[in-house]
1. If I filter region 235-249 down to residues being part of a helix (DSSP H, G or I) and touching a residue at least 12 places away in the same chain (Cβ under 8 Å), which single residue comes out as surrounded by the fewest Cβ atoms within 10 Å (Cβ to Cβ)?
2. One residue is enough: does region 217-224 have a residue meeting the conditions part of a helix (DSSP H, G or I), at pLDDT 95 or above and closer than 23 Å to residue 12 by Cβ?
3. Does region 1-36 hold any residues that are closer than 20 Å to residue 85 by Cβ and in contact with a strand residue (DSSP E or B) (Cβ under 6 Å, 6 or more places away or on another chain), and which are they?
4. Looking only at region 250-264, filter to residues that are in contact with a strand residue (DSSP E or B) (Cβ under 8 Å, 6 or more places away or on another chain) and assigned to a strand (DSSP E or B); which one of those is surrounded by the fewest Cβ atoms within 10 Å (Cβ to Cβ)?
5. Mind counting the residues in region 126-145 that are more than 13 Å from residue 85 (Cβ to Cβ) and either in contact (Cβ under 8 Å) with a residue 40 or more places away in the chain or not assigned by TED's automatic domain parsing to the domain that holds residue 167 (or both)?
6. Does region 328-362 hold any residues that are buried (at least 17 other Cβ atoms within 10 Å of the Cβ) and in contact (Cβ under 8 Å) with a residue 60 or more places away in the chain, and which are they?
7. Taking only region 270-280 into account, find how many residues are within 30 Å of residue 185 (Cα to Cα) and assigned to a loop (DSSP other than H, G, I, E, B).
């Protein structure tokens, strides 16, 4: 079985989707599946700067200058990630035409990562209009009549897809996994202890993450810092955040550390009071699961997707306003028993998220599709 994983960005670019694709590919290869990753030569901020080919931890990575018109060849399954218009449009269209004329073609699987029902404000008005029309018309047709399986990350995303008119029977749930290192690495104190107590944001620097709200909330919390970690995707928003921190007099309380990975990332999580994610929209952020594996509480925005992971007050906090946020932080600062309870609950809840289990579920989906 030969699998082509197709994603717009891939390592060394790091975000939720990129890490998902890498860990899935690596575990599939360990289980004897032949996998190639096909992607662009771009980073979030620069075009055509990455090499044409490399091998990353046994994963063969092919990169293309004109990725927008990429068509997979000689694979049993093309596994698309996200719901970009291009190259997905061409892949769906060519698959549809080949099947129409009874020409053998690859099976198509799509993991949407929440992208079929995004936070539309993330896009400029022209792009927003084009994508909305595409999703409601051609995109929906492709998912219903060309895709062989649609993977959603959780029950909430599946419900949203069905509401949008996607055929329920086409959808299968395969959750995000967590890197094995998060499970086996001993708790680390290290150099970040000097910033304690601190809240931690990890993710793309993008307005959909609503980082500025966490900055504003921190203004009224004395004695607590905020560390912001992640790749720069929206430079304009980053500059806005820096100015906001200065204007609010929070220089020295809020720290931008850029990209931090692997052991150092878990050291940051281990020393944090809580992980904070107040996003406008998410699919199933891996960083929330990573924090839970490490036994940390999480403070998240009141959006539907978080409610399948977070039980308010039991393993974290769902907040709707500044009052909720302050209450959650103060509880964590003063209630050692609650922190201990949350830690035990989250570690227990996280036992099934290892990538080896997610890869096994994915292989089962592949085999079912190949039998069709």
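The values are calculated or read from the model by the stated rules, or taken from the named source; none is laboratory data. These numbers were taken from a predicted model, which means no experiment stands behind them. Please note: Cβ atoms are built from the backbone with ideal geometry, for glycine as well, and neighbour counts cover all protein chains shown.
1. For region 235-249, the residue satisfying everything is 235.
2. no
3. Residues satisfying the conditions are 4, 5, 6, 7, 8, 10, 17, 21.
4. 258
5. 1
6. Matches in region 328-362: 329, 350, 353, 354, 355, 358, 359, 362.
7. Summing the residues that are within 30 Å of residue 185 (Cα to Cα) and assigned to a loop (DSSP other than H, G, I, E, B) in region 270-280 gives 4.
Okay, residues lined up against (1) more than 22 Å from residue 230 (Cβ to Cβ); (2) surrounded by fewer than 14 Cβ atoms within 10 Å (Cβ to Cβ):
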{"position": "131", "(1), (2)": "yes, no"}
{"position": "141", "(1), (2)": "yes, yes"}
{"position": "150", "(1), (2)": "yes, no"}
{"position": "166", "(1), (2)": "yes, no"}
{"position": "189", "(1), (2)": "yes, yes"}
{"position": "197", "(1), (2)": "no, no"}
